[in-house]
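All remarks here apply to the structure that follows.
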């Protein structure tokens, strides 16, 4: 029961972020109207499954929740379903939050949130 309540709260938080175009690594959360639009576009792909819901991404690919397994995975037109990123949307958002709090990410305008490059790693 607690897990279900937590995931419901996470879904509510994620939907609230939709209004603010929250960057998620190099993607942004999709606005709810855009999710409907993307679903309409992707239904015709032979690689698309009806159980997938995209919640962030762009034309190059999406991060989706598979409603049959609750897994969060990558998806793109060329390869279809890709790597599993987390076992649930709450786990995915928790990992993202942890990365933000660790100080290892930075926001670049026009790019999104990326991993910081350590000063010793920069190439001249």
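Here is how the numbers come out for the structure above:
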quantity	calculated
Count of the range 48-60 residues which are farther than 22 Å from residue 91 by Cα and crowded, with 16+ Cβ neighbours inside 10 Å	1
Candidates 28, 38, 63, 24 - the one that is at pLDDT 85 or above, surrounded by 15 or more Cβ atoms within 10 Å (Cβ to Cβ) and under 30 Å from residue 117 (Cα atoms)	63
Lone qualifier among 88, 45 - being surrounded by 16 or more Cβ atoms within 10 Å (Cβ to Cβ), more than 20 Å from residue 115 (Cα to Cα) and touching a strand residue (DSSP E or B) at 6+ places or on another chain (Cβ under 8 Å)	88
Test: residue in the range 95-103 that is in a strand (DSSP E or B), farther than 21 Å from residue 31 by Cβ, over 13 Å from the mean Cα position of the chain (by Cα) and touching a residue at least 12 places away in the same chain (Cβ under 8 Å)	no
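The values are calculated or read from the model by the stated rules, or taken from the named source; none is laboratory data. Just so we're clear, the structure is a prediction, and the values are computed from it rather than from any experiment. Using ideal geometry, Cβ is built from the backbone for each residue, glycine included, and neighbour counts are taken over all protein chains shown.
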